[in-house]
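The values are calculated or read from the model by the stated rules, or taken from the named source; none is laboratory data. Since the structure is predicted, the reported quantities are computational estimates derived from the model, not experimental observations. Quick reminder, even Gly has a Cβ in these numbers, built from the backbone with ideal geometry, and neighbours come from all protein chains shown. The area values use the complete protein model at the heavy-atom level, side chains included, leaving out ligands, DNA and RNA. Shrake-Rupley method; radii C 1.70, N 1.55, O 1.52, S 1.80 Å.
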Amino acid sequence: MINIGVFKFASCDGCQLSFFEIVEEILKIGDINISFFLEAQSKNRFDEFDISFVEGSISTPEDIELIKKIREKSKKVVTIGACATSGGIQSIRNYLNYKEILEYVYPSPEYINSLEKSHPSSDFIEVDYELRGCPINKKHLLEVINSFLLNKTPNLPRYPVCLECKIKGNPCVLVLGKPCLGSITVAGCGSICPSYNRGCYGCFGPIEKPNIEHLQEIFKEKGFKGDMFEDILTSFNAYNRTYREQYEKES
Amino acid sequence: MIVTVEKSQLEKLFNLIKKEYEIVAPVLREGVIGLSAVNSLNQLPFGYTEVEEKNFYRVEKSNDKYMFSYIRASFPYKRFLIPPEFTFLKVKRENGKLAFEELTIEKKYAFFDVRGCDLRGIEVLDNVFLKKNQHPDSYYEKVRKNLFIVSVTCRKPSDVCFCYSMGVCPKPKRGFDILITELDDVLLLETGTEKGEKFVKKLDYRDAREEEIEESKKIEKNCIKSLKRSLNTEGFPEILYRNIESNIWNEIGKRCFACTSCTQVCPTCFCFDIVEKNNVNEGLSERVRIYDSCFNPDFATVHRFNIRESIASRYRQWYMHKFAYWVDQFGEFGCVGCGRCITWCPASIDVTEEEKKIRKL
Amino acid sequence: MVENPYLLKEAEIVEKIKETTDTYTFRIKCSDSFKPGQYNMIYYFGIGEAPISIAGFDGEILEHTIRAAGDVTSHIDSLKEGDLLYYRGSYGNFWDLEIAKGKSLVLVSGGLGFAAIKWVMEEAIKRKDEFSSVISLYGSKNYDSLLYTYHYEMWYREIDFKITLDNPDPRWKGDVGLITELIRKTKLNKDSIVFMCGPDPMVKFSVIELEKKGITPDRIYVSMERHMKCSVGTCGHCMFGPFFVCKDGPIFRYSEIREFFERKEV
């Protein structure tokens with residue numbers, strides 16, 4: 001019997017919904033007990049977990065305490081989605097003036113007690129596996145659970161979207177004239193957007209060595225307008241380690 | 001046999017082949033010529049042509065009267081010989097013992113319209129998987145054995161083609177069952193095998209005239225003359241070996257995304273990964289072959305350490321494999337000059353331009 | 001019809017010997033044919049395959065020494081006596097003792113690389129009259145990571161068998177230092193034939209030491225490790241310069257691979 005916990009921090013709940021999509025498969029496996037999952041059940045117990053799935057970014061002092069507690073009580077901690085893995089769309093604020101935003105958004109900002117930045121879990125604890133995406137691919141959830149049962153490393157891609165896109169037989173939408181981040185974005189989504197003739201907007205976040213500079217040049221050459229490149233780069237995964245380092249290097 | 005038929009006979013030929021094979025042919029879909037199983041000759045992109053350049057692709061109406069006005073599909077036939085992803089072994093565990101179920105690919109394909117470059121590409125894969133391998137690949141062999149090939153002579157090249165540099169002729173000399181050359185008024189059919197002859201004999205044909213054969217040769221000559229790109233292979237492997245440490249690889253590495261596109265659109269790139277797909281509760285595990293690429297950061301790992309960490313080294317591996325290592329491995333180049341890697345590289349890297357730079361080092 | 005190269009064979013584990021905390025030698029009942037230096041692909045259900053060099057075969061019992069380094073090897077190491085093991089092979093070329101006939105045979109190994117040398121060493125012991133001498137140099141990181149300790153007495157007796165430990169240990173009275181130092185200290189003939197297996201950096205620096213003794217790279221044979229997935233020369237993962245390590249190797253004459261071996265990221 002494996003004991004699973006599902007936790008949520010600052011996020012939209014979308015990644016947790018993936019659990020509802022794999023209910024049948026989980027039931028078939030049988031040996032699974034979900035003892036903590038506020039979104040799904042009214043009785044919850046916080047004790048010891050084999051795997052804890054964490055959604056959402058860390059954005060308050062209480063969050064920091066809780067994520068540390070989760071780590072303490074869990075054999076494996078797996079972040080699910082762009083918020084928990086890269087800070088999420090709310091981490092756009094990390095590059096702006098926190099005070100100004102606070103005053104702009106809230107009529108009485110003095111009641112708000114949040115961190116200046118929206119953080120991925122890995123800023124505070126050691127994370128075993130990070131599931132990318134906004135939202136995640138439910139196949140990856142199953143892969144993590146199955147791999148735990150089999151005592152093996154889950155098979156999560158590190159290659160770019162282009163490989164799975166080409167495996168599907170899609171022509172390159174960037175060559176066809178659409179802004180696409182596929183070449184610097186990690187695979188796993190099943191190349192959904194290019195399969196529908198749209199450019200990838202990078203919701204799975206960057207590969208390990210994204211060639212941002214040259215892609216930016218290609219965007220320019222192709223005549224894609226103004227700040228489009230930065231806009232998509234600094235959305236869902238704005239505070240991803242790779243982009244963060246790049247940003248810190250530049251500024 | 002070399003015969004001539006009216007252009008209207010093409011449909012009859014198509015339908016005769018269709019009776020015995022599943023036909024795969026170029027089709028136009030959402031502005032791109034791809035490959036697909038087809039039922040009717042009308043599905044072929046007659047009357048269209050593609051405009052191709054570095055990092056650019058567009059299909060437009062052709063302004064000539066020919067059926068085979070288009071050039072070639074945007075990706076090669078290899079995915080029908082080795083599927084991009086397939087389970088090759090099913091393993092079931094019962095009482096500590098394993099039972100294996102060997103899965104085979106039961107396909108009887110006819111490739112309808114294989115151009116010279118892709119025909120050569122199949123020949124190269126034959127050497128990798130069967131002819132020059134002491135452990136021939138049974139999966140490839142099964143599909144290949146049943147394969148029927150209709151080749152077509154190119155009337156014109158695209159702007160990225162450089163087939164002639166790689167020893168490939170617009171009018172193939174071997175490897176086909178039937179070769180079609182579209183002349184001004186008729187089709188010239190040449191057969192390469194008895195299988196091919198069997199079909200052609202059922203058509204309304206007559207022996208080809210001397211001037212028709214001449215016309216087909218002229219078409220080829222004109223096609224070769226119109227090639228805009230070239231790659232000088234003379235002594236190129238040695239030049240590459242000499243420049244294995246050159247800074248040019250770092251320079252290309254700054255442009256390359258390691259996106260893997262070139263390897264996937266290449267008719268000869270054959271690398272694949274083997275992964276396990278598990279169904280824990282049923283005690284089932286599938287062994288799956290899936291396309292891989294030397295640009296994948298997990299490709300050359302030994303104990304989780306990636307031997308080719310830099311993108312520059314991965315590009316060098318790919319380029320040197322095509323133009324140097326392949327020659328040592330199989331006695332031929334791993335490039336057929338189809339130019340797809342030039343069109344479909346989103347980073348605008350052109351193998352023929354790089355060749356010229358490497359020669360100047 | 002071509003035979004399916006991926007079909008697995010079944011064999012029973014008759015003995016499991018603990019070598020170190022994470023390494024076991026499996027003795028497997030098996031009536032196949034193997035040669036020293038070759039390897040098998042060993043499969044574990046649901047996890048995958050790993051290339052494992054053949055550490056011995058006497059016509060009935062096959063030996064594999066396996067360190068739990070990754071997912072596959074960790075699972076194989078959990079197998080017990082009486083369990084079935086699934087493998088395909090044998091693959092690759094072999095240590096050709098004929099080359100060394102009448103000459104001094106020098107075996108150099110480091111770490112788990114010793115598993116790829118052990119069988120040819122045993123063969124060399126059986127045929128030691130055919131060589132002017134047999135010298136085996138083995139480097140191990142620690143005292144606790146020494147392999148095949150139960151054979152040492154016999155090997156010390158039969159050939160010039162020398163061990164060096166990277167790290168000193170109160171229980172160890174022998175040589176301490178890197179394998180390169182042991183090579184330096186050992187008297188070797190210029191016309192020796194060397195068979196070597198170990199991590200890439202060890203090989204590189206050992207060759208330098210051997211060259212100082214006048215042993216040229218064309219007399220040095222090296223067993224290499226690369227990412228082997230299919231082992232039949234088609235998946236491309238193990239490619240190394242113009243070679244497929246899985247089928248052109250794993251053993252290479254150093255003079256033929258040097259230009260690739262000593263370069264980064266080939």
Just need a number here: residues in region A:1-24 that are surrounded by fewer than 17 Cβ atoms within 10 Å (Cβ to Cβ) and touching a residue at least 60 places away in the same chain (Cβ under 8 Å). 5
Pairs please, first residue from region C:163-175 and assigned to a loop (DSSP other than H, G, I, E, B), second anywhere and among the hydroxyl-bearing types (Ser, Thr, Tyr) and open to solvent by less than 50 Å² (accessible area, probe 1.4 Å), Cβ atoms under 8 Å, 6+ apart in sequence or on different chains. C:ASP166/C:SER140; C:GLY174/C:THR164
Quick one: which of B:ARG120, B:ARG79, B:ARG93, B:ARG115 is open to solvent by 20 Å² or more (accessible area, probe 1.4 Å) and in contact with a Cys (Cβ under 9 Å, 6 or more places away or on another chain)? B:ARG120
How many residues does region B:121-155 hold that are part of a helix (DSSP H, G or I) and farther than 18 Å from B:PHE272 by Cβ? 3
Could you tell me which residue of region A:210-238 is nearest to A:VAL175 (Cα to Cα), considering only residues that are open to solvent by 80 Å² or more (accessible area, probe 1.4 Å) and within 11 Å of chain B (Cβ to nearest Cβ)? A:GLU221
Here is a list: B:THR193, B:THR263. Which entry is buried (at least 17 other Cβ atoms within 10 Å of the Cβ) and of a type in the set (S, T, N, Q)? B:THR263
Which residues, counting only those in region A:189-209, are surrounded by fewer than 17 Cβ atoms within 10 Å (Cβ to Cβ) and of a type outside the set (D, E, K, R)? A:GLY190, A:ILE192, A:SER195, A:TYR196, A:ASN197
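Return yes or no: is C:ASP83 acidic (Asp, Glu) and within 20 Å of the chain's Cα centre (by Cα)?
no
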I'd like to check something: does region C:156-169 contain any residue that is of a type in the set (Lys, Arg) and open to solvent by less than 60 Å² (accessible area, probe 1.4 Å)? yes
Within region B:319-329, residues being surrounded by fewer than 21 Cβ atoms within 10 Å (Cβ to Cβ) and among the aliphatic types (A, V, I, L, M) number 1
Across region B:86-110, which residue is farthest from C:LYS9 (Cα to Cα) among those that are away from every other protein chain (no Cβ under 14 Å) and part of a strand (DSSP E or B)? B:ALA110
If the Cβ limit is 8 Å and pairs must be 6+ apart or interchain, which residue in region B:330-355 that is open to solvent by 10 Å² or more (accessible area, probe 1.4 Å) pairs with which residue that is polar (S, T, N, Q) and assigned to a loop (DSSP other than H, G, I, E, B)? B:PHE333/B:THR233; B:CYS335/B:THR268; B:CYS345/B:ASN55; B:SER348/B:ASN55
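This table checks each residue for (1) open to solvent by less than 30 Å² (accessible area, probe 1.4 Å); (2) of a type in the set (Phe, Trp, Tyr); (3) closer than 30 Å to C:THR73 by Cβ; (4) more than 7 Å from chain B (Cβ to nearest Cβ).
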| residue | (1), (2), (3), (4) |
| --- | --- |
| A:ASN151 | no, no, yes, yes |
| A:ARG158 | no, no, yes, no |
| A:ILE167 | yes, no, yes, no |
| A:CYS172 | yes, no, no, no |
| A:GLY177 | no, no, no, yes |
| A:ALA187 | yes, no, yes, yes |
Tally time: how many residues in region A:102-124 are assigned to a helix (DSSP H, G or I), open to solvent by 50 Å² or more (accessible area, probe 1.4 Å) and touching a helix residue (DSSP H, G or I) at 6+ places or on another chain (Cβ under 7 Å)? 1
So if I check each of A:ASN137, A:ASN197, which one is of a type outside the set (A, V, I, L, M) and within 11 Å of chain B (Cβ to nearest Cβ)? A:ASN197
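Identify, please: which residue in region B:303-318 is among the polar types (S, T, N, Q) and crowded, with 18+ Cβ neighbours inside 10 Å and is, among those, farthest from B:ASP273 (Cα to Cα)?
B:SER313
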Matching entry among B:ALA258, B:ALA300 (being over 24 Å from the mean Cα position of the chain (by Cα) and surrounded by 23 or more Cβ atoms within 10 Å (Cβ to Cβ)): B:ALA300
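Please tell me if C:LEU8 is within 12 Å of chain B (Cβ to nearest Cβ) and either over 18 Å from B:VAL302 (Cα atoms) or modelled with pLDDT of 95 or more (or both).
yes
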Among what's in region B:283-307 and is over 22 Å from A:GLU143 (Cα atoms) and aromatic (Phe, Trp, Tyr), pick the residue that is farthest from the other protein chains (Cβ to nearest Cβ). B:PHE305
Scan region A:40-49 and give yes if some residue there is at pLDDT 90 or above, touching a helix residue (DSSP H, G or I) at 6+ places or on another chain (Cβ under 8 Å), in a helix (DSSP H, G or I) and open to solvent by less than 30 Å² (accessible area, probe 1.4 Å), otherwise no. no
Of the residues that sit in region C:11-47 and are under 17 Å from C:TYR86 (Cβ atoms) and of a type in the set (Asp, Glu), which one is farthest from the other protein chains (Cβ to nearest Cβ)? C:ASP32
Of the residues that make up region A:125-138, is at least one in a strand (DSSP E or B) and open to solvent by 40 Å² or more (accessible area, probe 1.4 Å)? yes
State the number of residues belonging to region B:223-237 that are touching a residue at least 40 places away in the same chain (Cβ under 8 Å), open to solvent by less than 100 Å² (accessible area, probe 1.4 Å) and over 17 Å from B:LEU188 (Cα atoms). 10
Within region C:177-266, which helices (runs of 4 or more DSSP H) (wholly inside it) include 3 or more residues that are open to solvent by 10 Å² or more (accessible area, probe 1.4 Å)? C:179-185, C:200-212, C:254-261
Examine region B:111-120 for a residue that is within 12 Å of chain C (Cβ to nearest Cβ), in contact (Cβ under 8 Å) with a residue 24 or more places away in the chain and not in a helix (DSSP H, G or I), and state whether such a residue exists. no
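Could you check region C:5-24 and list, in sequence order, the residues that are more than 30 Å from B:GLU141 (Cα to Cα) and in a strand (DSSP E or B)?
Those that are more than 30 Å from B:GLU141 (Cα to Cα) and in a strand (DSSP E or B): C:GLU12, C:ILE13, C:VAL14, C:GLU15, C:LYS16, C:ILE17, C:LYS18, C:GLU19, C:THR20, C:THR23, C:TYR24.
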If only one of B:GLU11, B:GLU30, B:GLU52, B:GLU60 is touching a Lys or Arg at 6+ places or on another chain (Cβ under 9 Å) and of a type in the set (Asp, Glu), which one is it? B:GLU52
